[in-house]
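To start, the structure under review is shown below, and the notes come after it.
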Amino acid sequence: MKKIVILFCLLLLVTACQPRSKSSENAQVQVKVAQVVSGQTIEVFGMGDQPNLISQVRLLGIDAPDLQQRPWGNAAKEHLQALIQGDSVTLEFDVERQDKFGRTLAYVWKDKVLLNEQLVKEGQALFVGRSPNHKHDQRLERAQQWARIMGLGIWNPEKPMRFTPAEFRRQNR
């Protein structure tokens, strides 16, 4: 019994001394929106050391139609603009904070609403999980199932989007 108690105390000591992961530090930041670039990209002020520097932010877990993918691309952009309504949002980070193009990767919150999820739920974007960022994948996947069942936006059976945004970009670039 004495050995078990000593082992338990050692285990508690080891776990208490573990360094906190960086992903939990600074996991959220409030920023001002400069503009909505597309249905999945915004430009913001207030990131990093220079508060007047504009940074591009790519919404995680979604793929919105390309702007040339009419009428869905413009609709997604306009919908994101309407959801933001104002100039301040909160960015929530996952494992990877930047993509290969240097854009910040984030989940975007406005008034306790996850805008990434809202865009998918209203049929304005597809859910696309991107490793290693999977924090809200379940929410996004359920939102997409809802949009498909309800025939919203890109899922409208009378006017469906024929190519995914990724397929469209491959064919048109």
Next item on the list: Please give the net charge around L114, taking every other residue with its beta carbon less than 11 angstrom from that of L114, where Lys and Arg add +1 and Asp and Glu add -1.
Entry: +2
Note to self: How charged is the neighbourhood of I54? Take every other residue with its Cβ under 15 Å from the Cβ of I54, and add Lys/Arg as +1 and Asp/Glu as -1.
What the structure shows: 0
Notebook entry, point to check: Which pairs break 26 Å Cα to Cα here: K77/K121; K32/K121; K32/K77; K100/K159; K110/K159?
Noted result: K100/K159; K110/K159
Next item on the list: Run the numbers on the stretch 28-172 and let me know its relative contact order in percent, using alpha-carbon pairs under 8 Å that are six or more apart.
Entry: 23
Next item on the list: Starting from the stretch 112-170, pick out the trypsin sites (Lys or Arg not before Pro) whose DSSP state is loop and whose Cβ has at most 12 other Cβ atoms within 10 Å.
Entry: K112, R162
Next item on the list: State whether the stretch 28-172 is rounded, prolate or oblate according to the following rule on the C-alpha gyration tensor (a ≥ b ≥ c being the square roots of its eigenvalues): a/c under 1.5 gives rounded; otherwise a/b larger than b/c gives prolate, and the remaining case gives oblate.
Entry: prolate
Next item on the list: Report, in whole Å, the centroid distance computed from the Cα atoms of the stretch 109-173 and the stretch 45-65.
Entry: 19
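Laboratory data are not the source of any read-out in this text; all were calculated from the coordinates shown. All values derive from a computational prediction rather than experimental measurement. All Cβ positions, even for glycine, are placed from backbone atoms using ideal geometry, and neighbour counts span all protein chains on display.
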